[in-house]
Structure formats: structure tokens, C-alpha cells
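Quick notes on the structure that follows.
The values are calculated or read from the model by the stated rules, or taken from the named source; none is laboratory data. Not measured: the values here are computed from a predicted model. All Cβ positions, even for glycine, are placed from backbone atoms using ideal geometry, and neighbour counts span all protein chains on display.
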Amino acid sequence: MKYLYLSYLTILFAVTSYSQTESKIVELENQKKKFETEIKNLKDSINEIDLKIAQLKSKINSSTSAKTKEIERKPTNSPTSNSSSYRSSIKSNKSRSSSYNTKKYRSSRTYYRGPRGGCYYINSNGNKTYVARSLCN
């Protein structure tokens, strides 16, 4: 009888532990499904953010190129064109490396446009003499 009772307890313990293990497995599988759903939602959100970033970058690039084209445009004789003329001359000087714009006038002075937009000529002593920018325009 002891053996029968001991066998019965062993079988009961095995069935109980199996059912608990089975319920734990089901619970863990449900948690896994929840996590997979959350991961999918997060990936979708990340893809949407990446798309928005790409759109913003393309807008920035297009607006930057439009501003660059505006600066490179030939200036008009309006009062506000001096600043754009100044910017465009700086841009063109950078692209031509160290060569400066020069213009000759009746006074036989050669006026130079400096790298930052200043206008000067070389005097008889060999020094730079700065003059109004309008003389170089």
C-alpha cells in the first residue's frame, strides 16, 4: 500500500507540475506575441520618422540651392543690390582661388577687390590704399 500511495503522489506531482509548466508556456507565448506586436509598431514609427527626415532634408537642400542661385545672379542697380553684389563677388573670388577682380580707370590706377570684398589700389610706396567699394563695382 505504501508503494501505491507513493506512486499516486508521484503521478499527482508530475501532472500538477506539467499543468503549471504548460500554463507558464502559454503565458510566455502570449507575452512574446505582445512584444512582437510592439516591435512591429516601433519599426513602423521609425520608418515614418525616417521618411519625414528625408523629406525635410530634400526641402532644405532645395531651398539652399535656390538661395545659392539667387546670390550668384547678376545684381541690379537698386540700393539693396550692393549686398548681393558683395556676396556674389566673395563667392566668385573663392571659386577662382587667389585671383582678384581688377578694373582700370582713367586715373591709371588698378583697383583690386580683396577676398572679403574690400576695394584698394597699390600706392607709390607699394602699400594698399583702401577706397570706396563703388570704385571696384
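For the range 56-68, the criterion of a residue being modelled with pLDDT of 85 or more, surrounded by 10 or more Cβ atoms within 10 Å (Cβ to Cβ) and part of a helix (DSSP H, G or I) is satisfied by at least one position. Is it true that some residue in the range 90-99 is in a helix (DSSP H, G or I), surrounded by 10 or more Cβ atoms within 10 Å (Cβ to Cβ) and at pLDDT 65 or above? Looking for residues that are in a helix (DSSP H, G or I), surrounded by 10 or more Cβ atoms within 10 Å (Cβ to Cβ) and at pLDDT 65 or above, one finds none in the range 90-99, hence no.
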